[in-house]
1. Read through the list (1) touching a helix residue (DSSP H, G or I) at 6+ places or on another chain (Cβ under 9 Å); (2) farther than 23 Å from residue 108 by Cβ; (3) assigned to a helix (DSSP H, G or I), then give the number of the only condition that residue 182 fails.
2. Please work out which residue is nearest to residue 13 (Cα to Cα), limiting yourself to segment 192-211 and to residues that are modelled with pLDDT of 75 or more and assigned to a helix (DSSP H, G or I).
3. From the set of residues in segment 123-150 that are over 37 Å from the mean Cα position of the chain (by Cα) and part of a loop (DSSP other than H, G, I, E, B), which is surrounded by the most Cβ atoms within 10 Å (Cβ to Cβ)?
4. Has segment 95-110 got any residue that is buried (at least 21 other Cβ atoms within 10 Å of the Cβ) and either modelled with pLDDT of 90 or more or not in a loop (DSSP other than H, G, I, E, B) (or both)?
5. Tally the residues that are under 15 Å from residue 99 (Cα atoms) and in contact (Cβ under 8 Å) with a residue 24 or more places away in the chain, restricting the search to segment 130-144.
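The values are calculated or read from the model by the stated rules, or taken from the named source; none is laboratory data. Nothing here was measured: the structure is a model prediction, and the numbers come from that model. Counting neighbours? That spans all protein chains shown, and the Cβs are built from the backbone with ideal geometry, glycine included.
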């Protein structure tokens, strides 16, 4: 089917995405209606899906979705947690109606309940897990598209897309591929340019693992901040004006201070101290005379 036009050929990048996500890996059991989509069987008993048939059925499903005039008339359903994020992303991109989580019985058949809907096309991820909506749409004669594994029953399925519908990465990639082809066939995006939405946004992530990663990142950031604060402390800023350095070559002016006049009196010419008695006075006279004789 895709051999007619070159633009519909599967590119090498798409094949690498399929192989990286494990889309080609089926289960160990095989339904007789899925034998036409099997390429070979590995030594460990796992069946390998033919990716060429997967791509052709993917394009056929995209053409069926584009043929619906009102995008809201397309209902996409998945009850498992591993693909609810992909279903919601697909519905947001293609404006389809998502039913993520538990499917309420009677949604397509019971007109009394408030959640009654009348879609024109139904897309499911696992025919075995979503058997209730498949059974109900068979009563109202609605076409169905299903992503089928090697052991999936094809009862009430009109377009089966063979792929691995158990892995979180494979389911997310298949919904991403389907959304991209729908937008390309509608003319919303060009085939010449790369779609800016990454397949990682369609992958399921465990909330516990996300919390662990966030805690580890927060602890790492705190440790890094403490390490930087210890070894790279900011130096204090000196804003005060520093005194100018004096030039030592300039002459220093000495202040003019008057010199004190010290007494120049001759202590030897001073008169003798007043005597307390007469005897000492005479004795002092004798000593003075003797001194004059020596000089």
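1. If we test residue 182 against (1) touching a helix residue (DSSP H, G or I) at 6+ places or on another chain (Cβ under 9 Å); (2) farther than 23 Å from residue 108 by Cβ; (3) assigned to a helix (DSSP H, G or I), just (2) comes out false.
2. Looking at residues that are modelled with pLDDT of 75 or more and assigned to a helix (DSSP H, G or I), I get 199.
3. Looking at the filtered set, the residue picked out is 142.
4. Checked segment 95-110: at least one residue is buried (at least 21 other Cβ atoms within 10 Å of the Cβ) and either modelled with pLDDT of 90 or more or not in a loop (DSSP other than H, G, I, E, B) (or both).
5. Looking only at that region, the number is 5.
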